[in-house]
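Single-structure report; data block below.
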Amino acid sequence: MADTIYALSSGALPAGVAVIRLSGPDSIGILQRLTGDAALPPARSAMLRSIMEAESGQLIDRSIIIIFKGPHSFTGEDSVEIHCHGSIAVVAAVQRELSRAGARPAEAGEFTRRAFESGRIDLTQAEALAHLIEAETDAQREQALSQAGGRLRDLADQWRDTLINLMADLEADLDFADEGDVAAGATGTIGRGIGALADAVRSALATAPVAERIRQGLTIAIVGPPNAGKSSLLNALARREVAIVTPHAGTTRDVLEVHLNLGGRPAVLLDTAGLRETEDPVEAEGIARARARAAKADLVLDLGPGPKQMIVNKIDETGAQPGWHDGKLHVSAATGAGLPELEAWLAAWAADQIPAGEPPVVTTARQAHLLSETLGYLIEAERENDSVLAAESLRAAAHALGRLTGRIDPETVLGAIFSRFCIGK
Ligand SMILES: Nc1nc2c(ncn2[C@@H]2O[C@H](COP(=O)(O)OP(=O)(O)OP(=O)(O)O)[C@@H](O)[C@H]2O)c(=O)[nH]1
Ligand SMILES: [Mg+2]
């Protein structure tokens, strides 16, 4: 029998309320030990109960209790939520009592793992839940939410059904070819079916680069000569003093990163060492890093007073008008002039990079890898003239899809074959 596990599922203490989650076959029995003789609330009803130390009968807290009976719970098991007062002492005392009553602290991700093992969610949804919790921007939240809702799982299930049917057709071709009554000359149809499936997988895979941009954030590097005001601009856009700013040329050495929310789209803004010839080995290393990061960035903001820079800083000193003119954006990191124009321009650029609409389907490197593998086998099967080898490739494709969702089930292939053909003669 599985252990009954518990964990603090809400955030850092102290807080107004803390939620302790309990899951496993003994959840309700353990809860009863903490609430004494009081009647437990019916499933899915929130009720206030006294939580007591079982041995002394001493009151620990008055908490809201919610019971979820399996399989109608996140994990699929009997589960309990204890919404107690969010102090360090209350949470510690409740957890101590849960341990005394026979539960154990959950390991990282164990609730989600149980949800997967009980078949409540597949692997792609488990991945999405992790992303949903990490989401910092609307774009990230929407992508994670769509995936957590089972978008890729549904597609993968649908593709797997198609594959199983195609395999059944091929097997029938093989087994009954000489009997002349089943699917004679079906290879053309099967070939077209494989081609259509390959196209569907290919178009899902095409969404992966945008998903990656949404998850990691667009990278924007600020570069330019020393003292241009790069660090000042980073601080102004981040609205906090992240980077050291001094009148000394060559202040910044390491690459600094801050996360920005550009109209709901995530970005990582990089501050870099000022570019110039230098004898100083430390500064030279900083400049080498600056060049390397700028080369990989999605966008480079070239800052400075010079003629080749796209953003002109320190207009408070020159008296130039803020905003776009003469093909350049004029700003003052010191006074903030021109920064709304810069932010609007960045948001428009981000919207171009991460278009609105349906969130991407393929959201992790693991998913992209397995779908590329699936596609590879489909292409192999499509090109194969030998039915036995084609069936082998389709089996490999189905296996890769099974690994995508985390459920591999070769029995279903047999089931589909027997259910579709009248073998009884
Ligand atoms: N007047 C004025 N001074 C500015 C402005 N932006 C930055 N400065 C000043 O210019 C100097 C250099 O600013 P930093 O932000 O450190 O410049 P940097 O490009 O990061 O310099 P390095 O890290 O050395 O490459 C500091 O004294 C800032 O206060 C501005 O818009 N107006
Ligand atoms: Mg700097």
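Some notes on this structure:
- Residue in the range 340-358 that is more than 30 Å from residue 236 (Cβ to Cβ), outside any strand (DSSP E or B), more than 16 Å from ligand 1 (Cβ to nearest atom) and at pLDDT below 95 present: yes
- Only one of 381, 333, 350 that is within 16 Å of ligand 2 (Cβ to nearest atom), open to solvent by less than 70 Å² (accessible area, probe 1.4 Å) and at negative phi: 333
- One residue from 375, 329, 371 being outside the structural domain of residue 159 (by TED's automatic domain parsing), modelled with pLDDT of 95 or more and of a type in the set (A, V, I, L, M): 329
- Residue among 287, 315 that alone is more than 8 Å from ligand 1 (Cβ to nearest atom), in the same structural domain as residue 345 (by TED's automatic domain parsing), buried (at least 18 other Cβ atoms within 10 Å of the Cβ) and more than 25 Å from residue 212 (Cα to Cα): 287
- When the range 318-339 is limited to residues that are out of contact with any helix residue (DSSP H, G or I) (no Cβ under 8 Å at 6 or more places or on another chain) and closer than 30 Å to residue 214 by Cα, the one that is farthest from ligand 1 (Cβ to nearest atom) turns out to be 327.
- Residue, nearest to residue 228 (Cα to Cα), within the range 261-292, restricted to residues that are more than 16 Å from ligand 2 (Cβ to nearest atom) and in contact (Cβ under 8 Å) with a residue 24 or more places away in the chain: 268
Here is a yes/no grid of residues against (1) under 30 Å from residue 360 (Cα atoms); (2) at pLDDT 95 or above; (3) within 16 Å of ligand 1 (Cβ to nearest atom); (4) out of contact with any strand residue (DSSP E or B) (no Cβ under 9 Å at 6 or more places or on another chain):
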| residue | (1), (2), (3), (4) |
| --- | --- |
| 201 | yes, yes, no, yes |
| 205 | yes, yes, no, yes |
| 210 | yes, no, no, yes |
| 221 | yes, yes, yes, no |
| 235 | no, yes, yes, no |
| 241 | no, yes, yes, yes |
| 245 | no, yes, yes, yes |
| 250 | no, no, yes, yes |
| 264 | yes, no, no, yes |
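- Within the range 302-330, residues that are over 20 Å from residue 346 (Cβ atoms) and part of a loop (DSSP other than H, G, I, E, B) sit with their Cβ atoms under 7 Å from residues that are among the charged types (D, E, K, R) and open to solvent by 70 Å² or more (accessible area, probe 1.4 Å), at 6+ positions apart or across chains, in these pairs: 305/314.
- Candidate set: the range 88-106, residues that are out of contact with any strand residue (DSSP E or B) (no Cβ under 8 Å at 6 or more places or on another chain) and touching a residue at least 40 places away in the same chain (Cβ under 8 Å); chosen: the one surrounded by the fewest Cβ atoms within 10 Å (Cβ to Cβ): 88
- Inside the range 242-260, residues that are touching a helix residue (DSSP H, G or I) at 6+ places or on another chain (Cβ under 8 Å) and away from ligand 2 (no atom under 12 Å from the Cβ) make up a count of 2.
- Residue within the range 93-109 that is of a type in the set (Ser, Thr, Tyr) and over 15 Å from the mean Cα position of the chain (by Cα) present: yes
The values are calculated or read from the model by the stated rules, or taken from the named source; none is laboratory data. Just so we're clear, the structure is a prediction, and the values are computed from it rather than from any experiment. Note that each Cβ is placed from the backbone with ideal geometry, even for glycine, and that neighbours are counted across all protein chains shown. Please note that ligands, DNA and RNA were not included when accessible areas were found on the heavy atoms of the full protein model with its side chains. Shrake-Rupley method; radii C 1.70, N 1.55, O 1.52, S 1.80 Å.
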